[in-house]
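J.: Quick one: the structure is below, questions incoming.
The values are calculated or read from the model by the stated rules, or taken from the named source; none is laboratory data. Note that the coordinates shown come from a computational prediction; the quantities given were computed from them, not determined experimentally. For neighbour counting, all protein chains shown are included, and Cβ atoms are generated from backbone atoms with ideal geometry for every residue, glycine included.
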């Protein structure tokens with residue numbers, strides 16, 4: 001592993017100059033600084049964060065580092081989430097560094113650099129996959145981190161996370177629709193490469209089972225990414241004989257529900273609660289949901305509580321706190337399902353669309 005001495009030797013400067021250049025001091029000539037940074041990157045040198053912390057040099061900065069989701073339907077939620085997280089960080093006296101990790105970059109190298117450079121004291125992960133290599137990597141680096149979401153093997157991995165119970169939420173939606181007379185309920189989902197998307201689909205399947213309904217594969221649309229893919233899925237479902245068509249459509253997020261509200265009227269179908277109409281529901285309760293026509297029935301994610309608990313857990317880990325975490329804003333929907341593992345409940349918001 002390269003050291004600061006290796007960089008100094010290759011650059012032909014003192015180790016003091018290297019240190020000051022890599023830490024952003026203004027008294028280093030810009031050309032010299034760029035040369036040193038380039039050499040450091042070439043040698044894959046990352047300053048030792050542990051040594052910095054032993055010296056008491058906390059940055060009071062945390063990183064929000066989700067993988068960049070290729071599916072655009074998740075983008076509105078993460079814009080909302082990032083804004084709330086920034087405000088919550090401010091209330092915790094922390095600065096927030098947001099970095100999106102694209103699929104065409106070396107995932108391990110990006111997170112190893114982020115953990116090793118000493119720029120941040122801890123990391124919040126998001127866009128968690130069912131099996132996510134970032135968890136084991138950050139555990140091996142002994143970097144304080146909390147995940148927003150969980151892998152399928154979270155009990156074995158024993159890492160800190162905060163998750164919203166998407167399965168239970170969609171089960172609430174199915175119950176609501178069933179009690180309002182719906183027996184042919186379709187599901188419109190995004191990519192199942194993300195754990196939260198799988199959890200929501202599992203809630204759909206379990207909800208049907210709880211009320212004695214059989215899942216019909218013809219009423220499941222998956223990997224939906226835009227209005228065109230939603231429109232294609234809807235047309236296939238509505239081409240079924242009248243008695244086999246869905247009377248309700250459950251969308252895996254509000255963006256997909258928005259597409260349904262755009263597509264269905266164009267095909268001659270009315271949306272709403274009345275007999276003969278098609279009910280539509282979403283998930284997230286993004287700001288636009290209540291302003292749609294008809295207003296969208298959806299599941300409200302507890303974004304403020306999620307961000308607050310994520311930061312409560314992360315700051316405790318950064319401080320190496322051994323006693324149980326005391327959450328700054330206790331939430332009645334909060335359940336501890338393991339050490340530093342928190343599950344929050346979404347709230348069903350009933351409006352005119354269902």
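Table: residues versus (1) modelled with pLDDT of 95 or more; (2) touching a strand residue (DSSP E or B) at 6+ places or on another chain (Cβ under 6 Å); (3) surrounded by 17 or more Cβ atoms within 10 Å (Cβ to Cβ); (4) not assigned by TED's automatic domain parsing to the domain that holds residue 96.
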site: 236; (1), (2), (3), (4): yes, no, no, yes
site: 250; (1), (2), (3), (4): yes, yes, yes, yes
site: 271; (1), (2), (3), (4): yes, yes, yes, yes
site: 285; (1), (2), (3), (4): yes, yes, yes, yes
site: 312; (1), (2), (3), (4): no, no, yes, no
site: 323; (1), (2), (3), (4): no, no, no, no
site: 329; (1), (2), (3), (4): no, no, no, no
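J.: Here's a check for you: in the range 224-246, which residue that is without any contact (Cβ under 8 Å) to a residue 40 or more places away in the chain and over 24 Å from residue 178 (Cβ atoms) is farthest from the chain's Cα centre (by Cα)?
T.: My answer is 239.
J.: Another question, if that's okay. Can you tell me which residue within the range 121-132, out of those that are touching a strand residue (DSSP E or B) at 6+ places or on another chain (Cβ under 7 Å) and farther than 19 Å from residue 102 by Cβ, is surrounded by the fewest Cβ atoms within 10 Å (Cβ to Cβ)? Can you show your working first?
T.: Filtering the range 121-132 for residues touching a strand residue (DSSP E or B) at 6+ places or on another chain (Cβ under 7 Å) gives 121-128.
Among the residues that remain, those that are also farther than 19 Å from residue 102 by Cβ are: 121-122.
Details: 121: 24, 122: 21.
Only one residue tops the list, namely 122.
J.: Here are some residues: 11, 40. Which one is modelled with pLDDT of 85 or more, closer than 19 Å to residue 116 by Cα and touching a helix residue (DSSP H, G or I) at 6+ places or on another chain (Cβ under 8 Å)?
T.: From the options 11, 40, the qualifying one is 40.
J.: Could you list all residues from the range 247-270 that are more than 17 Å from residue 218 (Cα to Cα), touching a residue at least 12 places away in the same chain (Cβ under 8 Å) and not in a helix (DSSP H, G or I)?
T.: 253, 267, 269
J.: Something else about it: Looking only at helices (runs of 4 or more DSSP H) that lie completely in the range 97-193, which have at least 2 residues being closer than 28 Å to residue 349 by Cβ?
T.: Output list reads 166-179.
J.: State which residue is modelled with the highest pLDDT when the search covers only the range 52-84 and only residues that are in a helix (DSSP H, G or I) and over 19 Å from residue 303 (Cα atoms).
T.: Result: 72.
J.: Just checking, how many residues over the range 153-206 are more than 19 Å from residue 342 (Cβ to Cβ) and in contact with a strand residue (DSSP E or B) (Cβ under 6 Å, 6 or more places away or on another chain)?
T.: 9
J.: Continuing with this model, one more query. Take residue 87 and tell me if it is part of a helix (DSSP H, G or I), modelled with pLDDT of 90 or more and assigned by TED's automatic domain parsing to the domain that holds residue 155.
T.: yes
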